[in-house]
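The values are calculated or read from the model by the stated rules, or taken from the named source; none is laboratory data. Everything numeric in this text was worked out from a predicted model, so none of it was measured. Please note: Cβ atoms are built from the backbone with ideal geometry, for glycine as well, and neighbour counts cover all protein chains shown. Note: areas computed on protein heavy atoms with side chains; ligands, DNA, RNA excluded. Shrake-Rupley method; radii C 1.70, N 1.55, O 1.52, S 1.80 Å.
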Amino acid sequence: IVMAAIFIADTVTDYAIAFAVFYCAVLLAATNLYSVRTVGWLSAACITLTIISFYMTNDGAYEIGLLNTAISLVAIGITSLLGIKIMAARTAAQVSQARLQQLARITSLGEMAASIAHEVNQPLGAIISSSNASQRWLNFEPPNMDKARLAIERIIADANRASDVITRVRALTRG
């Protein structure tokens, strides 16, 4: 509708009035609403309407009209190219932002995995240490049952600690 109004105004006015430059506003608005392909088609339509309007206009100095039409065509072309570049830059920025968000999530996940591994490795290391001590005390002649019993109790306590860490991680992932 706006393009039709610009076409009519450009056609019925004198050559000295360069109404076709208003097509630039249409193209800039289109870059926020439509795809690159649609903006390209609108640009071609604006150029075509400007040329048709030039030939249909009867009032004014022909040379001035030719100059104004050329200026309008250049302005429409430059506006189209800049609009398409803005659209491409906007798309690239959105892609980069999505990649950055994904990288942040992966980094957070890696940090959380390292923390969980550390929390689980502590009791597992203690379990291994207590198991080795328990074996040594049971291999003595005679076996040192009291110390072996204490080592087994530490093994159970550390296994429960590791189990608690896993339970907390599961609860965290459910939430």
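Across the options Q94, G83, M145, the greatest Cα extent toward the positive end of the charge dipole of segment 57-154 (unit charges at beta carbon of Lys, Arg, Asp, Glu) belongs to M145. Summing Cβ point charges (Lys, Arg +1; Asp, Glu -1) relative to the Cα centre of the chain gives a dipole of roughly 940 debye. Length gained on full extension, A25 to K147, computed as 0.36 nm times the residue gap minus the Cα-Cα distance: 35.2 nm. Here the Debye sum runs over all C-alpha atoms of the chain as equal scatterers in vacuum, and log10 of I(q)/I(0) at q = 0.11, 0.17 Å⁻¹ comes out as -0.67, -0.99. Accessible area per residue for the chain, computed on protein heavy atoms with a 1.4 Å probe, is 67 Å². Each of A113, I166, V12 was scored by the projection of its Cα onto the charge dipole of the chain, and the greatest displacement toward the positive side belongs to I166; charges sit on the C-beta of Lys, Arg, Asp and Glu. Extension gain for the segment L82 to A113, taken as residue separation times 0.36 nm less the Cα-Cα distance, is 6.6 nm to one decimal.
Multiplying the residue separation of N132 and A104 by 0.36 nm and removing their Cα-Cα distance gives an extension gain of 5.9 nm. Take 11-24, 126-139 and order them by the average number of nearby Cβ atoms within 10 Å per residue, most first; the result is 11-24, 126-139. Both radii were evaluated on the Cα set of segment 59-147; the Rg over Rh quotient, with Rh as the Kirkwood radius, amounts to 1.81.
Counting residues in segment 25-64 as N, plug N into 2.2 N^0.38 Å and put the Cα Rg over that result.
Numbers: Rg = 13.4 Å, N = 40, 2.2 N^0.38 = 8.9 Å.
Ratio of Cα Rg to 2.2 N^0.38 Å: 1.50.
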